[in-house]
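Okay, structure first, notes after.
The values are calculated or read from the model by the stated rules, or taken from the named source; none is laboratory data. Source: prediction; values computed, not measured. Cβ: placed from backbone, ideal geometry, glycine included. Neighbour counts: every protein chain shown.
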Amino acid sequence: MSVDLQTVKRVAHLARIAVSEEDAERMTGELNTILGFVEQLNEVDVSGVEPMTSVTPMEMKERQDVVTDGSKAADIVANAPATEENFFLVPKVVE
Amino acid sequence: MSDLTHLTISEARAKLRGKEISAAEITEAYLSAIESANPVLNAYVAVTADKAREMAKASDARLGKGEGGALEGIPLGIKDLFATEGVHTQACSHVLDDFKPRYESTVTANLWADGAVMLGKLNMDEFAMGSSNETSYYGPVINPWRRSRLDTVVMPTTHQGDGGFVSAGGTKTARTLDNAQLVPGGSSGGSASAVAAFLCAGATATDTGGSIRQPAAFTGTVGIKPTYGRCSRWGVVAFASSLDQAGPIARDVRDAAILLKSMASSDPKDTTSVDRPVPDYEAVIGKPIKGMKVGIPKEYRVDGMPEDIEALWQKGIAWLKDAGAEIVDISLPHTKYALPAYYIVAPAEASSNLARYDGVRYGLRVPGKDIVEMYEKTRAAGFGREVKRRIMIGTYVLSAGYYDAYYLQAQKVRTLIKRDFENVFAAGVDVILTPATPSAAFGVADEDMNSDPVKMYLNDIFTVTVNMAGLPGISVPAGLDGKGLPLGLQLIGRPFDEETLFQTAHVIEQAAGKFQPEKWW
């Protein structure tokens with residue numbers, strides 16, 4: 001399978017990365033090189049093989065459903081580019 | 001002072017405990033080595049001199065009371081991927097500009113609890129994506145190793161002062177260092193370069209596809225990627241969560257064992273962290289390997305592999321045989337599919353993990369006319385080319401209609417790769433010996449590698465299988481190639497059997513000797 005310029009632009013939008021026409025053209029070539037490389041996986045007979053979900057056999061750990069952390073709003077917003085009263089500030093999303 | 005930087009961790013530990021040296025002295029020695037070397041090698045992206053001095057002072061106080069921890073007063077470098085409270089933690093990406101976490105990663109917290117001293121944060125490929133440390137926003141790291149050539153020099157007839165001797169003109173061979181700058185490998189290039197150039201006693205690193213072992217091999221250092229789950233991933237900036245593992249890079253096998261003992265733990269904050277006690281890895285060093293079964297996988301003999309590497313592998317086999325190990329030929333039939341499967345699984349996980357860099361909560365923000373444009377502009381400006389490439393691949397393979405063809409297929413192949421290893425271990429093989437990398441260190445801005453992303457990816461061909469199967473792997477220096485550059489061998493072990501790796505790697509180290517670059521920086 002290979003991607004065309006339109007697909008690259010669509011994927012860039014899905015990934016929320018702005019691309020110029022020139023970027024998209026370069027990426028089309030690069031992505032097709034990589035997709036060409038991974039194509040060989042189709043040779044492998046995977047009938048009856050379960051996809052891996054966990055590399056080491058482990059049971060999901062459980063813990064008591066109690067509050068163990070919190071009350072650190074100031075820490076959480078400390079690195080944000082724009083905040084007000086412990087809220088993250090973003091451009092208007094709803095009119 | 002400078003020779004203090006040449007002590008191994010075990011030597012420094014003995015001298016610190018014996019009060020022959022102080023933590024303050026050894027810390028100052030490293031700080032001054034960094035000051036003079038870093039403008040050339042670019043291994044550190046942030047030096048925390050004040051913090052280092054404070055920590056050293058506290059270590060000296062504890063040592064004075066005979067209370068020192070396992071790493072008391074040992075100065076370490078920390079890869080920029082580990083969250084360190086109040087200190088530069090940016091995964092060497094522009095998108096994390098000025099990020100200073102309000103928390104400490106579990107691995108680094110374990111090191112500080114054992115008394116280690118932080119010298120600063122080490123350069124790396126952006127978000128650990130790269131094999132040459134050239135994708136860093138902070139520029140490439142330079143390998144302290146350079147190629148050299150052997151010249152036959154005609155010795156002039158010399159008179160050496162009064163009472164000196166007169167030597168008749170003869171010939172001798174001398175190594176001449178080449179000026180070309182080489183990469184230290186990646187993504188933990190800063191860690192490897194700093195350890196090899198004596199800019200820290202040891203370093204933390206991480207390995208998703210080979211990012212500890214390949215740079216260790218390129219710099220003549222020892223690097224171990226432990227079993228998935230051995231070191232907590234809490235506070236380590238995520239790249240591909242099912243593959244990422246932290247581990248040390250050190251100057252010898254014993255030092256790597258000492259560091260891993262402190263880094264590893266069970267951590268309730270990481271649900272994939274394993275509930276097993278951490279063994280005393282150092283205790284196995286020096287134990288004989290007589291009767292151990294060492295597997296040699298035929299699939300690791302790849303086309304176009306340099307003769308030097310094949311010869312090194314044969315030497316490794318001979319050393320282990322001499323030490324009493326039984327050598328057996330094995331087959332890991334799905335080896336060649338590990339790298340293509342990795343280039344689906346890792347980018348898919350990365351595209352999801354890196355979705356959080358949106359200009360809202362931390363780091364860079366580039367304004368836009370609305371929130372979507374802000375996201376898109378921020379991410380376009382904040383991520384470098386390699387990172388964007390991987391996010392794009394990951395987004396594509398996870399997008400509607402392609403998930404089964406790519407991601408599901410890759411995860412099935414991953415099951416088969418792991419099964420290959422399970423079969424040979426079930427047949428009684430204790431450890432597997434392979435080359436660590438398909439070549440020695442290459443040049444900075446290598447045209448071939450930079451024009452074709454897949455060529456760069458092939459660096460990880462021998463290491464990536466281990467991540468795909470979640471196994472432990474160690475890279476140990478085993479010799480120099482014809483151009484005087486270090487080469488490494490890799491040992492792969494059963495899950496949570498890091499002890500066998502240290503034990504066997506030490507046998508190789510004893511036979512091969514240790515390697516250090518000639519100082520030019």
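If I filter the stretch B:459-479 for residues that are more than 30 Å from B:Thr176 (Cα to Cα), surrounded by fewer than 24 Cβ atoms within 10 Å (Cβ to Cβ), within 14 Å of another protein chain (Cβ to nearest Cβ) and not small (Gly, Ala, Ser), do I get at least one hit? Yes, there is a match, as at least one residue in the stretch B:459-479 is more than 30 Å from B:Thr176 (Cα to Cα), surrounded by fewer than 24 Cβ atoms within 10 Å (Cβ to Cβ), within 14 Å of another protein chain (Cβ to nearest Cβ) and not small (Gly, Ala, Ser). From the list B:Ser136, B:Ser132, the lone residue that is farther than 22 Å from B:Gly363 by Cα, away from chain A (no Cβ under 14 Å) and part of a loop (DSSP other than H, G, I, E, B) is B:Ser132. The selection criterion, being of a type in the set (Ser, Thr, Tyr), in contact with an Asp or Glu (Cβ under 8 Å, 6 or more places away or on another chain) and more than 8 Å from every other protein chain (Cβ to nearest Cβ), does not hold for B:Ser352. When the stretch A:45-95 is filtered for residues that are in a loop (DSSP other than H, G, I, E, B), closer than 18 Å to B:Pro367 by Cβ, more than 7 Å from chain B (Cβ to nearest Cβ) and not aliphatic (A, V, I, L, M), only A:Lys92 remains. Filtered by the rule that a residue be under 28 Å from the mean Cα position of the chain (by Cα), of a type in the set (Phe, Trp, Tyr) and either in the same structural domain as B:Asn133 (by TED's automatic domain parsing) or surrounded by 24 or more Cβ atoms within 10 Å (Cβ to Cβ) (or both), the stretch B:379-414 gives a lone residue, B:Phe383.
Whenever a residue of the stretch A:9-25 is under 13 Å from B:Tyr375 (Cβ atoms), its partners that are among the basic types (Lys, Arg) and modelled with pLDDT of 95 or more, lying with C-beta atoms within less than 6 angstrom and at least six residues away or across chains, give the pairs A:Arg16/B:Arg379; A:Ile17/B:Arg379; A:Ile17/B:Lys388; A:Ala18/B:Lys377.
Counting only residues that are surrounded by fewer than 21 Cβ atoms within 10 Å (Cβ to Cβ) and touching a residue at least 60 places away in the same chain (Cβ under 8 Å), the stretch B:349-363 holds 1 of them. When restricted to residues that are more than 7 Å from chain B (Cβ to nearest Cβ) and among the hydrophobic types (A, V, I, L, M, F, W, C), the stretch A:20-41 contains 2. B:Glu310 meets all of the listed conditions (1) among the acidic types (Asp, Glu); (2) in contact with a strand residue (DSSP E or B) (Cβ under 9 Å, 6 or more places away or on another chain); (3) under 30 Å from A:Val19 (Cβ atoms) but one, namely (3). Among the residues of the stretch B:464-501, those identified as part of a loop (DSSP other than H, G, I, E, B) and within 17 Å of B:Gln314 (Cβ to Cβ) are B:Asp481, B:Gly482. Do the conditions hold for B:Arg149, that is, is it touching a Lys or Arg at 6+ places or on another chain (Cβ under 9 Å), among the charged types (D, E, K, R) and part of a strand (DSSP E or B)? Spelling it out, B:Arg149 is indeed touching a Lys or Arg at 6+ places or on another chain (Cβ under 9 Å), among the charged types (D, E, K, R) and part of a strand (DSSP E or B). Among the residues making up the stretch B:87-103, those that are touching a residue at least 40 places away in the same chain (Cβ under 8 Å), farther than 12 Å from B:Lys121 by Cα and not β-branched (Val, Ile, Thr) are B:Ser93, B:His94, B:Leu96, B:Asp97, B:Asp98, B:Phe99, B:Pro101, B:Tyr103.
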